[in-house]
Amino acid sequence: MSERFLITGALGCIGAWATRQLLTEGVPVVAFDLGASRHRLELVLSEEQLADVTFLHGDITDPAALDRALDEHGITHVIHLAALLVPLAKADPPRGALVNVVGTVNVFEAVKRRAGIRGLAYASSAAVYDAADGARVAEDADGHPVTYYGVHKQANEGMARVAWLDDGVASVGLRPYVVYGPGRDTGLTAGPTLAMQAAAGGETYRIPFGGRMQLQYAADAAAAFVEASRTATEGAILRNLGGPCVHVREVVAAIEEVVPEAAGTISWDDERSLPFPEEFEARAPVSTPLERGVRETIELFRRTGT
C-alpha cells in the first residue's frame, strides 16, 4: 500500500533529515510546521527534493488545522517532532506546556479519529531523566526530569500509554539525546554541531558543557523515527536511541582529525555537565561511528559554505 507521511516540526533538524530519507525512497511528505525558515531543509535537500515537499503552515495547538492536514492529504503515517526545546520551554512555561503537552494530545486525538493512519511515532527525550538517575539507565527506568521540557516529555509518555489502553492508539516514542549533524543549530545540546560548523568555517567555538554523553547522528535519528512510524502497530512502545557514549574531548578530537588546522580553536566547559545521565541502554542503538558522522557533517558544511 502507498504511504504518505505528515511530519510535524519538519523544519527542525530531525524533521529535515526524515524528510530527506522519505523523499529519497519516493514517499510523499507533508511538512507541518509553524515556523517559516526552511534553511535546514535547504541544507540537506536538493532543489528537486525541496520542490517535492508539500508545506503546510500549521500549529499543533490547533486541532482543526491538524484535522485538515490529515484529511486533505490522505496521510497514512505521522512523525510528531514539533516542540519547544529546553530554553524556550523554560522562558515561557505556559506556552511550553501548551505546545509540548496539549499539542501532542491533539496529535494523538487526531490520529485516533482516523482509521486510515497506520503508524504514529513521536519524540520523547533523554530529558525525562536527571543525572541523579544514574550514569547508565535502562529503557524502563523511572525518570525524574529537572527541566520543564523533560516534564512535558514524561507527561507525553504517560499520555501515549493511556491512549493505547483506553483507545487503542498505537505509538512508538523515541528518546533522542545529543543529536548532531547539519541542521542541528538550536537547543541545549547543539554545541557539538556548532563546534563542527565553526571548525569548517575557520572560526573558534566553546562548547558550553563538558563530560560524557551519548551522541546520535541526525540521519540515524531520522531513520529511527521513520522506522518507528512504520512499526507502530500495537502498544505504547518507548525506546532510547542509544549510540556512542563519549567525552566532549573525544568530539573535539574527531573534529581536529577532519580539520587539523582547528587544533586549539575548539574548547569546552569542564565545569558544567549536561543535567542528564551519560548513557542510555537501547535495544537497537543508532550505528554511525562518531568519526564518520563528524566527517560527513563538516564536509557538508564546507560544500554549502554554511
Among the candidates 283, 272, 303, 292, residue that is of a type outside the set (A, V, I, L, M), surrounded by fewer than 17 Cβ atoms within 10 Å (Cβ to Cβ) and in contact with a Pro (Cβ under 9 Å, 6 or more places away or on another chain): 272
If we scan the stretch 180-193, do we find a residue that is in contact (Cβ under 8 Å) with a residue 60 or more places away in the chain, among the hydrophobic types (A, V, I, L, M, F, W, C) and buried (at least 21 other Cβ atoms within 10 Å of the Cβ)? no
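Condition (residue is assigned to a helix (DSSP H, G or I), among the β-branched types (Val, Ile, Thr) and in contact with a helix residue (DSSP H, G or I) (Cβ under 7 Å, 6 or more places away or on another chain)) applied to the stretch 158-171: is it met by at least one residue? Full working, then the answer.
Of the stretch 158-171, the ones assigned to a helix (DSSP H, G or I) are 158-167.
Still in the list and also among the β-branched types (Val, Ile, Thr): 162.
From what's left, in contact with a helix residue (DSSP H, G or I) (Cβ under 7 Å, 6 or more places away or on another chain): none.
No: the stretch 158-171 contains no residue that is assigned to a helix (DSSP H, G or I), among the β-branched types (Val, Ile, Thr) and in contact with a helix residue (DSSP H, G or I) (Cβ under 7 Å, 6 or more places away or on another chain).
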For the stretch 252-262, check the following and say yes or no: at least one residue is more than 23 Å from residue 144 (Cα to Cα), of a type in the set (A, V, I, L, M, F, W, C) and within 18 Å of the chain's Cα centre (by Cα). no
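Restricting the search to the stretch 141-157, which residues are assigned to a loop (DSSP other than H, G, I, E, B) and under 20 Å from the mean Cα position of the chain (by Cα)?
As a first pass, look at the stretch 141-157 and keep what is assigned to a loop (DSSP other than H, G, I, E, B): 141-147.
Listed by number, the residues that qualify are 143, 145, 146, 147.
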So which residues in the stretch 74-106 are free of Cβ contacts under 8 Å to residues at least 24 places away in the same chain and within 17 Å of residue 125 (Cα to Cα), if there are any at all? 88
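In the stretch 209-229, is there at least one residue being part of a loop (DSSP other than H, G, I, E, B) and among the polar types (S, T, N, Q)? So that I can check it myself, show each step before the final result.
Within the stretch 209-229, the subset part of a loop (DSSP other than H, G, I, E, B) is 209, 211.
Add one more test, that the residue is among the polar types (S, T, N, Q), and what stays is none.
The answer is no; no qualifying residue exists.
Would a scan of the stretch 91-105 turn up a residue that is farther than 14 Å from residue 9 by Cα, modelled with pLDDT of 95 or more and not in a helix (DSSP H, G or I)?
At the first step, the residues of the stretch 91-105 found to be farther than 14 Å from residue 9 by Cα are 91-98, 101-102, 105.
Now restrict to residues that are modelled with pLDDT of 95 or more: 91-98, 101-102, 105.
Filter once more, so that each one left must be not in a helix (DSSP H, G or I): 92.
The answer is yes; a qualifying residue exists.
Here is a yes/no grid of residues against (1) under 18 Å from the mean Cα position of the chain (by Cα); (2) in a loop (DSSP other than H, G, I, E, B):
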| position | (1), (2) |
| --- | --- |
| 10 | yes, yes |
| 67 | no, no |
| 78 | yes, no |
| 82 | yes, yes |
Please verify whether residue 158 is over 16 Å from residue 229 (Cα atoms) and out of contact with any strand residue (DSSP E or B) (no Cβ under 8 Å at 6 or more places or on another chain), treating the condition exactly as stated. yes
Residues of the stretch 20-38 satisfying the condition of being surrounded by fewer than 14 Cβ atoms within 10 Å (Cβ to Cβ) and touching a His at 6+ places or on another chain (Cβ under 7 Å): none
Based on this model, can you work out whether residue 38 counts as of a type in the set (Lys, Arg) and closer than 20 Å to residue 103 by Cβ? no
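Taking residue 175 as the residue in question, decide whether it is of a type in the set (Lys, Arg) and touching a helix residue (DSSP H, G or I) at 6+ places or on another chain (Cβ under 8 Å). Even if it seems obvious, please write down each step before you answer.
Working: of a type in the set (Lys, Arg): yes; touching a helix residue (DSSP H, G or I) at 6+ places or on another chain (Cβ under 8 Å): yes.
In short, yes.
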Got a sec? Which strands (runs of 3 or more DSSP E) wholly within the stretch 233-306 have at least 3 residues that are under 30 Å from residue 115 (Cα atoms)? 236-240
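The values are calculated or read from the model by the stated rules, or taken from the named source; none is laboratory data. None of the values given here were measured: they were computed from a predicted structure. In this analysis, Cβ positions are derived from the backbone assuming ideal geometry, glycine residues included, and neighbour counts consider all displayed protein chains.
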